[in-house]
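Notes for the one structure printed next.
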Amino acid sequence: MTIEPLLPDSRTRERRSDSAAGARLGRPPLLLVIPAVLASALLVVPLVSLVLDTPWSGLRSQLASSSVRQALWLTLLVSLCTVAACVVLGTPLAWLLGRVMFPGRALLRALVLVPLVLPPVVAGVALITALGRTGLVGRWLYEWWGVTIPYTTVAVVISHTFVALPFYVLSVQGALESVGDRFDVVAAGLGADRWTTFRRVTMPLALPGVLAGAALAWARSLGEFGATITFAGNYPGTTQTMPSKIYTALQSDPGAARILSMILLVLSIGVLVGLRSRWLART
Amino acid sequence: MTGLEAHVEVPGRLQVDLSAAHGEVVAVIGPNGAGKSTLLAALAGLVPQRGSVSVDGRPWNDPPLDVRDRGVGLVFQDQRLFPHLSALANVAFGPRSHGVPRAEAERRAQAWLDRFGIRDLAGRRPATLSGGQAQRVAIARALALDPVLLLLDEPFASLDVGVATGLRIELARHLDAFDGITVLVTHDAIDALTLADRVVVLDAGRVAQIGTPLEVAGRPRTEHVARLVGLNVLREGERFVAFSPSVVTVSLTEPHGSARHRWPGVIAHAAPHGGSVRLLVTGAHDLLADVTPASTTELRLTPGREVWLSVKESSVETYSASVGS
């Protein structure tokens, strides 16, 4: 008997797989194999055809174009700012939702997830009603400080953070819950206050969730289009990110759109693979 | 007023009075669900409780004192070493949380690892330590704070028997040198007999018996402790009757003659026990009887067989059932 029943225990369960199980359990049924093959085709074929259909000869001239460089640079800048905003704002929120009991916690947990299911265009409209020059909050920003947010680079970062934050919070909250508070209790027993516990115990143990959440937020930001174009517009140099640039190019020069899409694809896969191999090396 | 004075009350689970002096080791034993761990958690401030706890005259729950301000050392069955910190950093965690500078905290932690004979493990992560090594680090971590109250929750339960024996001897040495109050929860009679100055037996959230290890082992008042120390204990009116399974006579018909204590029953279980066979016989009471392998065969003593048990008056010890005598 231990103190365990009083404290939620979530030691990570060992996963065991038996490589010989497949052979022993018999042939996989077609009823499962066929849909699985179709699903794989649905995911892979468009990517392959994009690669095949890209006029690679235009790559050099596209990369030399200043508007492409601007969009690329803005995309990188905004996605990094979005990740930073998620870490700085989302980590405390995930901690609050995962570790502190307060009235309305269940409601807040549910509300935080709403942007996940919200169509991005609706998110953009919602942001205008909040932060537009006549919006609920934007009105005061404009009247007191003369600040206008829509159609600026800041608006791009805000809209990206709006759509990416739930992914980040969900990931970190999941990590906090799987670690459980058993080590927090130990730290408190050793005299650590909550800030020290957060810094020296809770966060290091939840680090895999933080990294995964940051990668999710970054990927979500890289592809953000709907909320951005609604709330921030599509102005080269200030608010035109790669997806908006691709959308614009598609209407005049489909070949260029394919090249830009490839650039974005290679960039995102490259960074994710790089991060992944680093984590795998760590653990 | 020095030492621990506790009246712990967790509604619906526990109501226990406990006092202990500095340097004293109190073992808490009892069946699962008796409230042993709840008692530890309440003393540590991990579960809300009514009643009062004071240490050296200082009240701990009026208003409730946070666990971090109580100065308790907690040792868990599963060690709970911080997996991302080295053994040294685990032990230094407590002093550092109390504002001791890093270098000094690590020097102290190293001294503790030395005392536990695990100096070489300082840089190792918990995942690379054996169970016994990890539990040494965990005990060192609890003691490094110089706690006024050391709470050990089944510290040997997750260890191999051989490892547990070695660590038990080592812990006894450290507890001798420790001038705080120790409360040790255990389900093992050996822990209580070898480590404790006093044994508290819990049953269904209440204290069933308090005494020295020898008193409790010799005159158990609960079925659970009787089983732990391998005795039969029966309540007869206002008295307890205790006797060893080895003095029980097993026969197939009702015994006649001098045996005043006799019970019919059915053999529920038979298993080798040392050089003899131990029978569990169920009837009005559950009783243990040790018989020779020869008589097991001769009388065909297998589960399901109806038998009579008897004990001579001279072989039983009787003592009053009223608590405190």
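Any read-out appearing in this document is the output of simple, stated calculations on the displayed coordinates, not a laboratory observation. Since the model is a prediction, treat every value here as computed from it, not as a measurement. Heads up, the Cβs are rebuilt from the backbone with ideal geometry, glycines too, and the neighbour counts pull from every protein chain shown.
Here are the numbers for this structure:
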read-out	value
Nonlocal amide H pairs with B:W60, under 5 Å, H built at 1.01 Å	B:V53, B:S54, B:V55
Span-like helix ranges in chain A, DSSP H, alpha carbon extent 27 angstrom or more, Kyte mean at least 0.0	A:30-53, A:66-85, A:153-179, A:203-223, A:254-282
Dipole axis of the protein assembly as shown (+1 Lys, Arg; -1 Asp, Glu on Cβ), positive-most option in B:V307, B:G35, A:V156	A:V156
Taking B:V233, B:V161, A:V147, A:V169 and counting other C-beta atoms within 10 Å, the order from fewest to most	B:V161, A:V147, B:V233, A:V169
Cβ-based exposure ranking for B:I190, A:I259, B:I169, in which fewest neighbours within 10 Å come first	B:I169, B:I190, A:I259
Shape of the stretch B:112-195, Cα gyration tensor, a/c cut at 1.5	oblate
Peptides ranked, highest mean first, by Cβ atoms within 10 Å: ranges A:98-108, A:202-212	A:202-212, A:98-108
Magnitude of the charge dipole, the protein assembly as shown, Cβ model with Lys/Arg +1 and Asp/Glu -1, debye to 20	2180
Degrees separating the helix B:87-97 axis from the principal Cα axis of chain B, which is the longest one	70
Calculated [θ] (222 nm, deg cm²/dmol) that DSSP helices of n ≥ 4 give over the protein assembly as shown, each run adding -39,500 (n - 2.57)	-15000 deg cm²/dmol
Within chain B, percent of DSSP bridges classed antiparallel, to nearest 5	75
Rounded to 10°, Cα long-axis angle of helix B:131-143 versus longest principal axis of chain B	60
Amide proton proximity set for B:A208, modelled H, under 5 Å, gap of 5+	B:V201, B:L202, B:D203
Relative contact order %, chain A, counting alpha carbon pairs below 8 Å whose residues are six or more apart	28
For residues of B:92-98, the mean tally of beta carbons on other chains within 10 Å	5
Net charge of neighbours whose Cβ lies under 11 Å from the Cβ of B:T186, counting Lys and Arg as +1 and Asp and Glu as -1	-2
Size of charge dipole - the stretch B:171-322 - debye, nearest 20, with Cβ of Lys, Arg +1 and Asp, Glu -1, no other charges	300
Residue with peak Gaussian network fluctuation, chain B [Cα springs, cutoff 10 Å], from B:L39, B:L85, B:L149	B:L85
Taking chain B and dividing mean pair separation by its residue count, relative contact order in percent (alpha carbons under 8 Å, at least six apart)	18
Amide H contacts of B:I181 (H built 1.01 Å from N, under 5 Å, at least 5 apart or other chain)	B:G23, B:L149, B:L150
Cα-based shape type of chain B, given that a ≥ b ≥ c are square roots of the gyration tensor eigenvalues and the cut on a/c is 1.5	prolate
Debye, to nearest 20: dipole size of the stretch B:230-320, +1 on Lys, Arg Cβ, -1 on Asp, Glu Cβ	80
